[in-house]
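The values are calculated or read from the model by the stated rules, or taken from the named source; none is laboratory data. Please read these numbers as outputs of a predicted model, since none were measured by experiment. All Cβ positions, glycine included, derive from the backbone under ideal geometry; neighbour counts span all protein chains shown. Surface accessibility is based on the protein's heavy atoms, side chains included, excluding ligands, DNA and RNA. Shrake-Rupley method; radii C 1.70, N 1.55, O 1.52, S 1.80 Å.
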Amino acid sequence: MSITEHDEPARRSPKRKRSESPNGIPQHDGAPDAAALQYGYDEEMPSELQSPAEQDEDGMAAKRQRRERPRRLNYVPYMTLRGHKRGVAAVKFSPDGRWIASCSADATIKIWDATTGAHSRTLEGHLAGISTIAWSPDSKVLASGSDDKIIRLWDIATGKALPSPLIGHHNYVYSLAFSPKGNMIVSGSYDEAVFLWDVRTARPMRSLPAHSDPVSGVDFVRDGTLIASCSSDGLIRIWDTSTTQCLKTLVHEDNAAVTSVRFSPNGKYVLACTLDSCLRLWNYVDGRCIKTYQGHKNEKYSINAAFGAYTAELGAASEMDGEEPERWAFAVCGSEDGRAVLWDVSSKEVLQELKAHEGVMLGVDVGPDDTIVTCGLDKTIRMWKRQPLPPDANGVHESTVVVPIVAPVVEDSTPVNGTPAGTQEDG
């Protein structure tokens, strides 16, 4: 399947237009079990997806609420990374924040230095376009899934593929995720199946007959006990990792095709992109859609979303009394008109729109330092850094009607530290 509508079959990549979702809704293949789902976050730590008032029960809430949430963010272009010869389907920060990996319909993966933007390696070995990549928790191994039906594991230190690829899917591999311990990989494919793999043996542990249409997204919850999958059949399913039983099926009344799914950092919700230009946040235990984010365009392509967090003031967060800064969650998603839209998770307010790419923006990720990286059909990867808001542009001091700051596309950008850094290209 092509990253663009007219790509030739030899280099096809699944990040492309989706077919219409079917009218019928498949039957639930596992009894909902709230008790089983609950352990996905029984020992939940405080999360940026909750307000400070919800997190604190020791009288500190009022103290921390002294800083109001910003009504806007100001992400600006930082670098443009070039080198791919075709559209870039996905981009991911390594967990340690050192590297950025990108994959493309040109059948290559590129590794970039996350600080300088310098091209480090090009990983070659797939025979067709690559739609998905996933980092191991220790940042030493990268997994990639391709239209050649194969999942490869790459040693980042050497740039070489590990000897045993993961072979078992019968069609294009759409989505991958490592388990939190790094010992398992979950994959979703155009063959409508979800596979659970043992990384050490490079063999499938289980095959789940997950959906009645291509599986477009998979993810592990933060403790590895649950797996989420989604499909163009309009369903999101939650699975028990150990038994592979389907514990819950989530479906919106519109039954729009679902193109990606991601657990929230606290493990309590799932965020799903759908082909009705909506981004939805689900409480998967209750089976309720609790938030719907709109403002982007997504009707044909598989577009990913990500979570991030922001503080009241850039670099100056609640240092009074030695307190940790208050952090609020945002969701960011691409758009078929080239924009990236950032919403506050709780209020659903648009915090900013980035004019990120020429044409469809496909992938986005947020790094450990809250840097945003985006990619799209224009063959580029762009990095975005947050800067302080201009004077009296902070919504805290303005009227309730706030127009988000729109950051423009630039071909050459300057890092926020002032050091010149033109567009980076691989050698």
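Here are a few things to note about the model shown:
- Surface composition of the range 75-426: carbon plus sulfur atoms hold 48% of the accessible area, using a 1.4 angstrom probe and ignoring ligands, DNA and RNA.
- Projecting label points 7 angstrom from Cα along Cα→Cβ for LEU127 and ASP198 puts them 2.7 nm apart.
- Distance between the range 74-123 and the range 126-180 - C-alpha centres, whole angstrom: 16
- SER347-GLU324 pseudo-label distance in nm [points 7 Å out on the Cα-to-Cβ vector]: 2.3
- Solvent-accessible heavy-atom area per residue, rounded to whole Å², over the range 257-351 at 1.4 Å: 31
- Computed from the alpha carbon positions, the gyration tensor of the range 237-386 leads to an equivalent ellipsoid with semi-axes of 26, 22, 13 Å, biggest first.
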